[in-house]
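One structure coming up, written as structure tokens, with questions to follow.
The values are calculated or read from the model by the stated rules, or taken from the named source; none is laboratory data. Predicted, not measured: the structure shown is a model, and the values here were computed from it. Cβ: placed from backbone, ideal geometry, glycine included. Neighbour counts: every protein chain shown. To get the accessible areas, we keep the full protein, side chains included, count just its heavy atoms, and leave off ligands, DNA and RNA. Shrake-Rupley method; radii C 1.70, N 1.55, O 1.52, S 1.80 Å.
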There are 2 protein chains.
Amino acid sequence: MAVELKDLTKSEENYSQWYNELVVKAGLAESSAVRGCMVIKPYGYAIWETMQRVLDDMFKQTGHQNAYFPLFIPKSFFSKEAHHVEGFAKECAVVTHYRLKNDPEGKGVIVDPDAKLEEELIVRPTSETIIWNTYKNWITSYRDLPILCNQWANVVRWEMRTRLFLRTAEFLWQEGHTAHETREEAIEEATRMINVYKTFAEEWMCLPVIVGHKSPNERFAGAEDTLTIEALMQDGKALQSGTSHFLGQNFAKAFDVKFANKEGKLDYVWATSWGVSTRLMGALIMAHSDNNGLVLPPKLAPIQVVMVPIYKGEEQLNATRARMNKLADEMKALGIRVKIDDRDNVRAGFKFSEYELKGVPVRIAIGQRDMENNTVEVARRDLLTKQTVSQDNLSTYIRDLLDEIQKNIFQKALNFRNSMITEVNSWEEFKEVLDTKGGFVSAHWDGTVETEVAIKEATKATIRCIPLDVKDEEGKCVYTGKPSHRRVLFARSY
Amino acid sequence: MAVELKDLTKSEENYSQWYNELVVKAGLAESSAVRGCMVIKPYGYAIWETMQRVLDDMFKQTGHQNAYFPLFIPKSFFSKEAHHVEGFAKECAVVTHYRLKNDPEGKGVIVDPDAKLEEELIVRPTSETIIWNTYKNWITSYRDLPILCNQWANVVRWEMRTRLFLRTAEFLWQEGHTAHETREEAIEEATRMINVYKTFAEEWMCLPVIVGHKSPNERFAGAEDTLTIEALMQDGKALQSGTSHFLGQNFAKAFDVKFANKEGKLDYVWATSWGVSTRLMGALIMAHSDNNGLVLPPKLAPIQVVMVPIYKGEEQLNATRARMNKLADEMKALGIRVKIDDRDNVRAGFKFSEYELKGVPVRIAIGQRDMENNTVEVARRDLLTKQTVSQDNLSTYIRDLLDEIQKNIFQKALNFRNSMITEVNSWEEFKEVLDTKGGFVSAHWDGTVETEVAIKEATKATIRCIPLDVKDEEGKCVYTGKPSHRRVLFARSY
């Protein structure tokens, strides 16, 4: 698993190629032998595991439990909710047979034509249908509500154009599916969960996000309302990073899930669903990294501090190693994830490049002058600066530095994002900002699907969201000139 | 999600039905709309999550990292390893198409015949092939070795007769896949991991297991040696609970994975794989439970202590609740998982039955006399005994009690298991012990596949393992009378 340290393509030359190379060279993921499916490599998976663990704790703190539902969904289930089938039962993996047999002509194995399924099974693209079919048996009375379930799972959507983490045929995600007595309670849940995502994105990923409603055209297939967190990448394109849906009674009606309410009357159950996926890995990479490689927020970095000795000969190595072990133990005692890299078959400079590529937030080098002076050289990945620091109280210094780096990465992304929200008041301005500056364009919109579609066709920009905190403001639609009561955010997006 | 407290079928009347009912009534899992696939309900999943977390920590402590490989495997991959294809490319879920379309006759959606895959994809029944195809690109030199990867994943084997947790079409598991420089190192790894499983089974699940080699006939398809942990269920049948395979160079040869060794010569890489699955849930349930329901080892119980108030009227309830909160806080401070059940719409007796069914290790009831006397009533689930205990220092008392219960459940299972290993020296005795007593039969075997198959056909018993700690002992095969150098363990099994 040698890391290739050849120069990355520069992001300003070809952002897309820079991204693809970075994902592979930093050892996060790679394409597999199966079209559109990726292999998530240990270094990438370690980041995803931390994300999972933090999110899972947040879900449990808000009262949710995990469960597991089948990978396969009977084809007929998709037809039960009219909008859902349009959105999800198109590009998907279809299981038609359940057996292989030896090829009579001796060429390996073939599908056994006698083992055809009566009804085809779809590899889940999302699980509303199978879950609401299950909830039907779990719910009879208001006493059975709410149900607050989440599942961590793989899902498959047969995308034609795929990209590591951002858009893959198979991806990993969590999907929460909740059932409630009232409309109000379900809306409250959907809002609670989008805010959990916002907190996670900002506090852990250093990713500032805008929370808002999707326009009807961009809603989840089967939802009455979709809340989204929208982030901005360094190339000025938006990335939808998590969604939370108020599903109304749509799935309860499709699967006939009724409950006796407190007054003893039967009513359909109210629903939400919400999810984030390995797409967050793509957001994390694209939001912070540079031409030297990844820049990881300390809270998510599998290695927070790497220590590299600078020495000549075994005697110096042994002495330096002993000192590093002592300092590392002090840092580990504070919960810092430290790695000592004392490999003697590669040069220190090679190691420096490798850990820059891998986005390790802090690098500590100890040379022989440091040994004499009781100092170390501390390098920050986010700013690419170096400083000589005393070995005394190094662990608390590093702990504080990691906090500062976490804050700095967020602040930098926030400043960039804020600088990339542009209010425009004319169609010419709209197009010019998109083409020259990018980012979010805040503009008036007449509220119709037709206009949204026309703008998308003309510019490839879509409404990313109607921000929750948008102010009422009278204006004219940037495209049609019709009246509008608030601005919405447009952007080109991933 | 109301728990049904109707009487369970008694295990002595119909063990199989008792098991199925218990799994459903205790809220662990249920069948789904998809044949052979189960829904793991929150209470069952909470146990599985704890198992996962503990095992994952043990894997990491032994140097392993997690990664993720594709759900789908190209059909041709299975034909590359001759034994593997026989074992796994038969009953499996085959993806043949990647698109649905609206039925022109208006009946929902149909498979789009234009969207046929060039090569069918198999939903992974196990991942050796896709992983070794990937490792080929990761390994060039001994410096890239060892690779010590694990993945937590779902797998699908199209079983004809399924049973919740024990045998389902889809199940959850972990699969470790390691690559090594030498035969010795790979064998050492396979042994290390079967011992990790043994430690987990015994210390966490209270499940005594026998570690041994599988006979050639029962080996994993593609392995040179399979190590197993074999447990005994209360009905006298064995259950294979985890396996660890030394794969030799079979998969390296099948996928052409070579490395330059320290002498600069090319050699094929040595491999292991090892896994445990949600089948462990079945073992846990069947090893300890009784006619009142589950008996959960405290270390794995989602709720370790439940507190139930006995009261009349709101005033008494409020006072008792305040006392319970105080006691619960003291227990939580010691890391004990406590639940207070102060529902006022069900009687205490109903709650008692419910938590017995759910296997909660300790129940604490507080009545009004307890309030006056500063006592509580403590009931143990494992022994079904009750005791009056002072409220002073209750938390440390409960902590020690949970330890004692953990030990007692293990000791009881160990005593039973040990009493169910019977040495036999004749074919008549062999058959009689199997039919009247069950359990493990320790017998001489001539070492041939023919004899093993003949014994299986005659008795349904198979060689569960050749124990690692078996003693050399000259004897005669119980079936053929041919010479044998050691006893092996036979049993009927799940």
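At q = 0.14, 0.18, 0.19 Å⁻¹, what is the base-10 log of I(q)/I(0) for the stretch B:169-295 according to the Debye formula with one equal point scatterer per Cα and no solvent? Please give it to two decimals.
Taken in order of the listed q values, log10 I(q)/I(0) reads -0.66, -0.95, -1.02.
Partner chain Cβ atoms within 10 Å, averaged over the residues of A:29-41 - can you pull that number for me?
Taking the mean over all residues of the peptide, I get 6.
On full extension of the chain, what length is gained from B:LYS258 through B:GLU105, given 0.36 nm per residue of separation minus the C-alpha to C-alpha distance?
Here the segment from B:LYS258 to B:GLU105 would lengthen by 49.6 nm.
If you don't mind, there's one more thing I want to ask. Counting only C-alpha contacts under 8 Å and six or more residues apart, can you give the relative contact order of the stretch B:416-457 as a whole percent?
It comes to 38 percent, rounded to a whole number.
How large is the direction-averaged shadow of the alpha-carbon convex hull of the stretch B:421-491, in nm²?
Over every viewing direction, the Cα hull of the stretch B:421-491 projects on average to 4.0 nm².
Another question about this same structure. When the chain is fully extended, how far beyond the present Cα-Cα distance does B:LEU468 get from B:GLU159, taking 0.36 nm per residue of separation?
Stretched out fully, the B:LEU468 to B:GLU159 stretch lengthens by 108.2 nm.
Taking the square root of 5 times each eigenvalue of the Cα gyration tensor, what semi-axes in Å does the equivalent ellipsoid of the stretch B:305-408 have, largest first?
After scaling each eigenvalue by five and taking roots: 20, 16, 12 Å.
Using 10 Å bins from zero, what percent of all Cα-Cα pairs in the stretch B:329-384 falls into each bin?
Histogramming the stretch B:329-384 at 10 Å steps yields 20, 51, 30, 0 percent.
On a 0 to 90° scale, report how tilted helix B:394-419 is relative to the longest principal axis of chain B, with both axes built from alpha carbons and the result rounded to the nearest 10.
Helix B:394-419 sits at roughly 50 degrees to that axis.
Defining a contact as two alpha carbons under 8 Å apart and six or more residues distant in sequence, what relative contact order in percent does chain B show?
It rounds to 13 percent for chain B.
Something else about it: Could you give me the ³J(HN,Hα) list for the stretch B:294-305, computed from phi with Karplus coefficients 6.51, -1.76, 1.60 and θ = phi - 60°, whole Hz, x at Gly and Pro?
These are the phi-based 3J(HN,Hα) values: 5, 10, 9, x, x, 5, 10, 6, x, 10, 8, 9 Hz.
Just counting partner chain Cβ atoms within 10 Å, what average do the residues of peptide A:135-145 show around their Cβ?
2
While we're looking at this one, here's another question. Kirkwood hydrodynamic radius (Cα pairs, Å) of the stretch B:1-155?
Hydrodynamic radius (Kirkwood, Cα pairs) of the stretch B:1-155 is 20.0 Å.
Work out the charge dipole of the protein assembly as shown with +1 on the Cβ of Lys and Arg and -1 on the Cβ of Asp and Glu about the Cα centre, then indicate which of A:THR459, A:ILE210, A:ALA115 is farthest towards its positive end.
A:ILE210
Additional query: Say R0 is 41 Å: what FRET efficiency, to the nearest 0.05, do A:LEU414 and B:ASP329 get from their beta-carbon distance?
Efficiency at R0 = 41 Å is approximately 0.55.
Can you compute the helix-only [θ] at 222 nm over chain B? Use -39500 (n - 2.57) per DSSP H run of at least 4 residues, normalise by all residues, nearest 500 deg cm²/dmol.
-11000 deg cm²/dmol
With no solvent and one equal point scatterer placed on each C-alpha of the protein assembly as shown, evaluate the Debye formula and give log10 I(q)/I(0) for q = 0.06, 0.07, 0.08, 0.10 Å⁻¹, two decimals.
Relative scattering, expressed as log10 I(q)/I(0), comes to -0.50, -0.69, -0.92, -1.41.
So what is the relative contact order of the stretch A:1-94, in percent, for Cα pairs below 8 Å that sit 6 or more residues apart?
Averaging sequence separation for qualifying contacts and normalising by length gives 12 percent for the stretch A:1-94.
I want the antiparallel fraction of DSSP beta bridges within the stretch B:421-491, as a percent rounded to 5.
Here the antiparallel bridges make up roughly 75 percent for the stretch B:421-491.
Oh, and also: With a 1.4 Å probe on protein heavy atoms only, tell me which residues of the stretch B:50-67 lose at least 30 Å² of accessible surface in the complex relative to the chain by itself.
Going by heavy-atom accessible area, the residues of the stretch B:50-67 that drop by at least 30 Å² are B:ARG53, B:GLN65, B:ASN66, B:ALA67.
For the stretch B:421-491, give the magnitude of the charge dipole about the Cα centre (Cβ charges: +1 Lys/Arg, -1 Asp/Glu; no others), in debye to the nearest 20.
Rounded to the nearest 20 debye, it is 140 debye.
I'd like to know which of B:ALA260, A:THR199, A:ALA271 lies farthest towards the positive end of the charge dipole of the protein assembly as shown, counting +1 on Cβ of Lys and Arg and -1 on Cβ of Asp and Glu.
Projecting each Cα onto the dipole axis, the largest value belongs to A:THR199.
In 20 Å bins starting at zero, report the fraction of Cα pairs in chain B per bin as a rounded %.
Distribution as computed: 20, 47, 27, 5, 0 percent.
Rounding to the nearest 20 debye, state how big the charge dipole of the protein assembly as shown is about its Cα centre with +1 on each Lys and Arg Cβ and -1 on each Asp and Glu Cβ.
For this selection, approximately 180 debye.
Scan around B:VAL269 for amide H atoms under 5 Å from its own, H built in the peptide plane at 1.01 Å from N, and keep only partners 5 or more places away or cross-chain.
B:VAL257, B:PHE259
Right, here's the next one. On a 0 to 90° scale, report how tilted helix A:128-138 is relative to the longest principal axis of chain A, with both axes built from alpha carbons and the result rounded to the nearest 10.
70 degrees
Gap in Å between the Cα centre of the stretch B:74-97 and the Cα centre of the stretch B:376-432?
Taking the Cα centre of the stretch B:74-97 as reference, the centre of the stretch B:376-432 is 44 Å away.
Something else now. Spin-label point model (7 Å from Cα, Cβ direction): what's the B:GLN61 to B:ASN373 distance in nm?
4.2 nm
Between A:PHE78, B:ASN137, B:GLY367, whose Cα lies farthest towards the positive end of the dipole of the protein assembly as shown when Lys and Arg beta carbons carry +1 and Asp and Glu beta carbons carry -1, centred on the Cα centre?
After comparing all options, I get B:GLY367.
While we're here: Starting from the 7 Å offset along Cα-to-Cβ, what nm value, one decimal, do you get for the label separation of A:ASN195 and B:LYS265?
With each label point 7 Å from Cα toward Cβ, the separation is 6.8 nm.
Calculate the mean, over all residues of peptide A:168-179, of how many other protein chain Cβ atoms lie within 10 angstrom of the residue's Cβ.
Mean partner shielding for this stretch: 1.
Nearest 10 degrees is fine. How inclined is helix A:348-357 to the longest principal axis of chain A, computing both from alpha carbons?
20 degrees
While we're on this one: Based on the alpha-carbon gyration tensor of the stretch A:206-268 and its eigenvalue square roots a ≥ b ≥ c, which shape applies: rounded if a/c is under 1.5, prolate if not and a/b is larger than b/c, or oblate?
prolate
What dipole magnitude, in Debye to the nearest 20, does the stretch A:205-249 give about its Cα centre under +1 on Lys/Arg Cβ and -1 on Asp/Glu Cβ?
For the stretch A:205-249, the charge dipole is close to 40 debye.
Related question: Using Cα centres only, tell me the gap between the stretch A:280-295 and the stretch B:186-222 in whole Å.
Between the Cα centre of the stretch A:280-295 and that of the stretch B:186-222, the gap is 41 Å.
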